[in-house]
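Worksheet: the structure to be examined is printed underneath.
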Amino acid sequence: MKSRAGWGPRLATGLGWGGLALASWGLCLVVLQGLFGQQIEALQTVQLARELALNVRLTELTLERYPPDLVSELTGLDLAVRPRPPAAPAPSLAMQRQAEALQQQLCERLAHCPMVQASARGRMAWIKLISPLEPVWLRVQLRSPMAWPPEPTLLGLSLVGAAVIWAGLFLLLEVERPLRGLEKALRLVGDGEDPAAVPARGAPEVQRLTHRFNAMVRRLAANRQERATMLAGIAHDLRAPITRLQFRLSLPELNADERERCANDLQALERITGQFLLFAGGNDAEEPVDLPLDQLLAEVSSSHSSELLRLDLEPVPIVVRPVALGRAVANLIDNAFTYGEPPVVLRLRQQPQHCTVEVWDQGAGMASHQWDRALQPFQRLDEARGQQGHCGLGLAIVAHVAQLHGGSLLRLHGEPPTAPGRFGIALTLPLPRNG
């Protein structure tokens, strides 16, 4: 049943392309006849005059001995005995020009110049023959350039033109347009999004390619969902022991040193749990909000003292995902305090098409060859950092948030007082097009 149901659209598509081929052929034939109609008419006139010259000469010789009716019956020529051809209806200018051209050709091929008169009735031409007793006219039909069947040359050229037009439209509609849809979907996949299933249209090869692309997108979405579920499950499972440790810390049996060590371990666990949750994509579905970015950054940095964290913020209205962006900036600030040297400077600058969030510290920073590795998830440049509650997701999360907003992450170097610090990381965010 499924195969039979699929024959309907295929048959309709085949009939449509067949009709398009016939229409293209007819269009090409009409255009070619319009362009080369006069040349074809001239060639037809020359060919007709060549045939008539011999018939006129033989008929005139025969009329000297036999009556016109007998000559017409013997030769098969359309002879008429009458003083003059019928006057009505009047021929068109094109027929008159064709009759004059035929007369000129006959005059060049005969010893005398016969009279030729055109008649619109049946596109006829009347040729007056030399007869000793009575006026005799030979009636021949003038061929129209638009007559059917067309000239073989025009027929072949029109078929070639129709094939070219049909092939161009086929490539445009059945190949290029579906591939353009696939290209847009691929761009979305490259940007980290899950595009909707691309309709399978066009040529059979393109449809097979579309089916495989849709299957690949489904597998990628399933893998991404599986990863998010796994990471979220790990982070959720860590919540319970963290809560129990917090409860035990509240008991009076622990001394101050043990309590401090347990508190540090709890902070490390909470940090790792938060990083896992954020990397799992928990904020990807967050709706963008129009807000003043300088106030959001001031709120994110409010837990740090003004002596250790200096703010240099310009007022910038922007559309962002506030929770994800706030956690990304908090990661940059925490990294600056952990691996750099205070004071840390948080600076916000606005450009014509984007704004830049910069976090500077006074440390040496990282080497250029370590930058790409630092952006990868679960990559720690110093293995000792794992003991501080770092799991190698800090900059990877910031890079993911930057990509989610259509921005980028840059590494900066400078020297005071021309720069706020010695090492910095800049998070660029595009501004709305309406300013």
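The values are calculated or read from the model by the stated rules, or taken from the named source; none is laboratory data. No experiment lies behind these values; they were computed from the predicted model shown. Cβ sites come from the backbone with ideal geometry, for glycine too, and all protein chains shown count toward neighbours. Calculation scope for accessible area: heavy atoms of the full protein, side chains included, ligands and nucleic acids excluded. Shrake-Rupley method; radii C 1.70, N 1.55, O 1.52, S 1.80 Å.
When residue 307 is tested against the conditions (1) part of a helix (DSSP H, G or I); (2) out of contact with any strand residue (DSSP E or B) (no Cβ under 8 Å at 6 or more places or on another chain), the lone failure is (1).
Being over 60 Å from the mean Cα position of the chain (by Cα) and open to solvent by 70 Å² or more (accessible area, probe 1.4 Å) is the filter here; which residues of segment 46-58 pass it? Before the answer, list the steps.
The initial filter retains those residues of segment 46-58 that are over 60 Å from the mean Cα position of the chain (by Cα), namely 52-58.
Correct list: 54, 57, 58.
Contact map, segment 181-209: first residue open to solvent by less than 80 Å² (accessible area, probe 1.4 Å), second residue of a type in the set (Ser, Thr, Tyr), Cβ cut-off under 7 Å, separation 6 or more or different chains; pairs are 182/210; 198/210; 200/210.
Against the definition (part of a strand (DSSP E or B) and either of a type in the set (Val, Ile, Thr) or at pLDDT 75 or above (or both)), how does residue 140 come out, yes or no? The answer is yes for residue 140.
Restricting segment 146-164 to residues that are surrounded by fewer than 16 Cβ atoms within 10 Å (Cβ to Cβ) and more than 41 Å from the chain's Cα centre (by Cα), the residue that is modelled with the highest pLDDT is 149. Selection of segment 101-115 for residues being at pLDDT below 85 and open to solvent by 80 Å² or more (accessible area, probe 1.4 Å) yields only 111.
In segment 410-425, the residue that is surrounded by the most Cβ atoms within 10 Å (Cβ to Cβ) out of those that are in contact with a Phe, Trp or Tyr (Cβ under 9 Å, 6 or more places away or on another chain) and of a type in the set (A, V, I, L, M, F, W, C) is 425. Filtered by the rule that a residue be out of contact with any strand residue (DSSP E or B) (no Cβ under 8 Å at 6 or more places or on another chain) and not polar (S, T, N, Q), segment 326-335 gives 326, 327, 330, 334.
Selection of segment 326-359 for residues being in contact (Cβ under 8 Å) with a residue 60 or more places away in the chain, under 18 Å from residue 396 (Cα atoms) and in contact with a helix residue (DSSP H, G or I) (Cβ under 8 Å, 6 or more places away or on another chain) yields 327, 328, 329, 331, 332, 334, 335, 357, 359.
Taking segment 390-418 as the range and being at pLDDT 85 or above and part of a loop (DSSP other than H, G, I, E, B) as the test, the residues that pass are 405, 406, 407. Look at (1) surrounded by fewer than 20 Cβ atoms within 10 Å (Cβ to Cβ); (2) more than 16 Å from residue 409 (Cβ to Cβ) and you find that residue 354 fails only one, number (2).
If you go through segment 53-78 and keep only what is in contact (Cβ under 8 Å) with a residue 40 or more places away in the chain, within 13 Å of residue 133 (Cβ to Cβ) and of a type in the set (A, V, I, L, M, F, W, C), you end up with just 63.
Condition check ((1) touching a helix residue (DSSP H, G or I) at 6+ places or on another chain (Cβ under 7 Å); (2) modelled with pLDDT under 85; (3) buried (at least 19 other Cβ atoms within 10 Å of the Cβ)) across all residues:
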position	(1), (2), (3)
60	no, yes, yes
63	yes, yes, yes
90	no, yes, no
96	no, yes, no
119	no, yes, yes
131	yes, yes, no
144	no, yes, no
